[in-house]
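**Student:** Structure in structure tokens, see below.
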Amino acid sequence: MAIEKRGEQALQVSGFEYAPALESTDHVTIANRYGLFIGGSFVEPHSKRYFPTINPATEETLAEVAEADAEDVGAAVRAAGIAFRAWSQMDPSRRARYLFRISRIIQERSRELAVVETLDGGKPIKESRDVDVPLAAAHFFYYAGWADKLEWAFPNRTPRPLGVAGQVIPWNFPLLMLAWKIAPALAAGNTVVLKPAETTPLTAMLFADICRQAELPDGVVNIVTGAGQTGSYLVAHPDIKKVAFTGSTEVGKLIQRAVAGTGKRLTLELGGKAANIVFDDAPIDQAVEGIVNGIYFNQGHVCCAGSRLLVQESIQEPLLDKLRARLQTLRLGNPLDKNTDIGAINSKAQLEKIQGLVQVGLQEGAEIYQPACQLPERGFWFPPTLFTNVSQSHRIAREEIFGPVLSVLTFRTPAEAVEKANNTPYGLSAGVWTDKGSRILWMTEQMRAGVVWANTFNRFDPTSPFGGYKESGFGREGGMHGLLPYLDLN
Ligand code: NDP
């Protein structure tokens, strides 16, 4: 992609043209149409309705996917209920073997999964290949290890599975969110009904096939595709014992209302507006990479994205100069190209949301910087964007944009940095860049954020719990903490 000179600073472009390096799609077969995965088979939906899932980089239809109605959801919950009897009684070391097998098959089919994730969701292939798919396999591998050690994990308690878990996931990390939800549930002896997001159902369909390949007993995993309505049927079903949701705070609140008083367990992993805080003693080049990774990774479709940059006033100018120069080298384009840094926006609706909020930022007086880059004609695209002159009251500093848009604010003292970082209804994540270990520890204690990264950003590991405070939700996924919501310990 050609990048020209533009913008207030007219920075010199030092990049060079890359030859296309497209990942092959030859090894991938996508069916024309997918049914619902219920009781170990793909079945026709009772609703008789299907909807298209498209490639957001080209707007071409990839496949048709079934839209589950209340009857379909009921059938899936029944299948999971029947499977629960044997699965929960099974020797835990046998359960572990199934999870290890799933992990191994994900690794074996990793290229196929990465390509389908990129086609269906628009994310760069290097991200689905190096982050999403390996982490999904790692989650199954990690939780497989817990399946036969639950008694030792919770001494003097008798851990028991809950029953059927209803799980609703978003479109930003489709396979990885599936793994976050399904792996701990199964390790703890529960069975599941999962609803993938409407715009990214395809890797869940491949995962259904992986369950068959692993000879997982029928009904242990059921997958019902559909839109928000399908999710609401699942959450409301009386035989669901535990609801796990990742998505917007707005829908999280609806779900919390729907399950209130039912006795269902609930975990909510919602939005965020993370502060990425850079002190004047930070290693500046590393910090620039961390800022870029924090907000432009996965087009900013990341709940824990570092969407508010808090930079110490004394280094604002040199840091922003380097950041603008770095933005000019980001390559936007075909997500299947291994050189691509910024892929397609996941959907038209999401693109419109980003465009709307960027417009609000301009109206509120913030100053925009975008490197000049050619956006492909078809598909949904938004260039990496930087706003300066942002104040805390601006909507672009308060609301989750969920796109490649960074708002820059400044601070003078650590106390001011903490106050600004915590001045948000969210509390999911934060980043601190400084040379001083003691300052990192002090900042970590002061900040109301579930995860605080020090001199890095967006690092994930299955052994480490992840989750939020305030409007970012409650409950933790990952690590031993991630087992707790799926167990009765009394
Ligand atoms: P939603 O919260 O609507 O979607 C998340 C999941 O919930 C999807 O599977 C969705 O289905 C489903 N869902 C929607 N409505 C209901 C309901 N009433 N009951 C049960 N399930 C439901 O997020 P959106 O896709 O609409 O994105 C909107 C905004 O949410 C984004 O701009 C972003 O700010 C934020 N978001 C945050 C995420 C995070 O990781 N924290 C992830 C995704 C979005 P369907 O996809 O079919 O609509």
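**Student:** Is the stretch 111-129 home to any residue that is touching a strand residue (DSSP E or B) at 6+ places or on another chain (Cβ under 8 Å), surrounded by 19 or more Cβ atoms within 10 Å (Cβ to Cβ), among the polar types (S, T, N, Q) and closer than 18 Å to residue 196 by Cα?
**Tutor:** no
**Student:** Sort through 163, 145 and tell me the only one that's among the small types (Gly, Ala, Ser) and within 24 Å of the chain's Cα centre (by Cα).
**Tutor:** 145
**Student:** Now for a separate question. When residue 278 is evaluated against the numbered criteria (1) buried (at least 24 other Cβ atoms within 10 Å of the Cβ); (2) more than 23 Å from residue 366 (Cα to Cα); (3) touching a Ser or Thr at 6+ places or on another chain (Cβ under 9 Å), which criterion, by number, is the only one it fails?
**Tutor:** All conditions are met except number (2).
**Student:** Would a scan of the stretch 239-247 turn up a residue that is more than 9 Å from the ligand (Cβ to nearest atom), buried (at least 19 other Cβ atoms within 10 Å of the Cβ) and not aliphatic (A, V, I, L, M)?
**Tutor:** So far as the stretch 239-247 goes, yes, one or more of its residues are more than 9 Å from the ligand (Cβ to nearest atom), buried (at least 19 other Cβ atoms within 10 Å of the Cβ) and not aliphatic (A, V, I, L, M).
**Student:** Separate question: In the stretch 301-319, what residues are surrounded by fewer than 20 Cβ atoms within 10 Å (Cβ to Cβ) and either within 16 Å of the ligand (Cβ to nearest atom) or in contact (Cβ under 8 Å) with a residue 12 or more places away in the chain (or both)?
**Tutor:** Of everything in the stretch 301-319, those that are surrounded by fewer than 20 Cβ atoms within 10 Å (Cβ to Cβ) and either within 16 Å of the ligand (Cβ to nearest atom) or in contact (Cβ under 8 Å) with a residue 12 or more places away in the chain (or both) turn out to be 313, 314, 315, 316, 318.
**Student:** Go through the stretch 459-478 residue by residue and tally those that are open to solvent by less than 20 Å² (accessible area, probe 1.4 Å) and within 19 Å of residue 293 (Cβ to Cβ).
**Tutor:** Adding up the residues that qualify gives 1.
**Student:** Within the stretch 233-266, how many residues are of a type outside the set (Gly, Ala, Ser), within 30 Å of residue 417 (Cβ to Cβ) and within 18 Å of the chain's Cα centre (by Cα)?
**Tutor:** Adding up the residues that qualify gives 3.
**Student:** If you check 195, 149, which single one turns out to be of a type in the set (Lys, Arg) and either within 11 Å of the ligand (Cβ to nearest atom) or crowded, with 23+ Cβ neighbours inside 10 Å (or both)?
**Tutor:** Matching residue, one of 195, 149: 195.
**Student:** Kindly provide the set of residues from the stretch 321-347 that are open to solvent by 30 Å² or more (accessible area, probe 1.4 Å) and out of contact with any Phe, Trp or Tyr (no Cβ under 6 Å at 6 or more places or on another chain), ordered by number.
**Tutor:** Scanning the stretch 321-347 gives 321, 322, 325, 326, 329, 331, 334, 338.
**Student:** What are the pairs, 6+ residues apart or on separate chains, where a residue within the stretch 103-127 that is closer than 20 Å to residue 334 by Cα and modelled with pLDDT of 95 or more has its Cβ under 7 Å from a residue that is part of a loop (DSSP other than H, G, I, E, B) and of a type in the set (S, T, N, Q)?
**Tutor:** That search, which allows pairs on different chains as well, returns 115/25; 120/200; 121/200; 121/346; 122/346; 124/340.
**Student:** Another question about this same structure. Tell me whether the stretch 51-73 contains one or more residues that are surrounded by 23 or more Cβ atoms within 10 Å (Cβ to Cβ), at pLDDT 95 or above and of a type in the set (Ser, Thr, Tyr).
**Tutor:** There is at least one residue in the stretch 51-73 that is surrounded by 23 or more Cβ atoms within 10 Å (Cβ to Cβ), at pLDDT 95 or above and of a type in the set (Ser, Thr, Tyr).
**Student:** Can you tell me which residue is least open to solvent (accessible area, probe 1.4 Å) among those in the stretch 394-432 that are acidic (Asp, Glu) and within 13 Å of the ligand (Cβ to nearest atom)?
**Tutor:** 400
**Student:** For the stretch 418-474, give me the residue count where each residue is closer than 30 Å to residue 136 by Cα and part of a loop (DSSP other than H, G, I, E, B).
**Tutor:** 22
The values are calculated or read from the model by the stated rules, or taken from the named source; none is laboratory data. All values reported here derive from a predicted model rather than from experimental measurement. Virtual Cβ from ideal backbone geometry, glycine too; neighbours counted across all protein chains shown. Heavy atoms of the whole protein, side chains included, go into the accessibility calculation; ligands, DNA and RNA do not. Shrake-Rupley method; radii C 1.70, N 1.55, O 1.52, S 1.80 Å.
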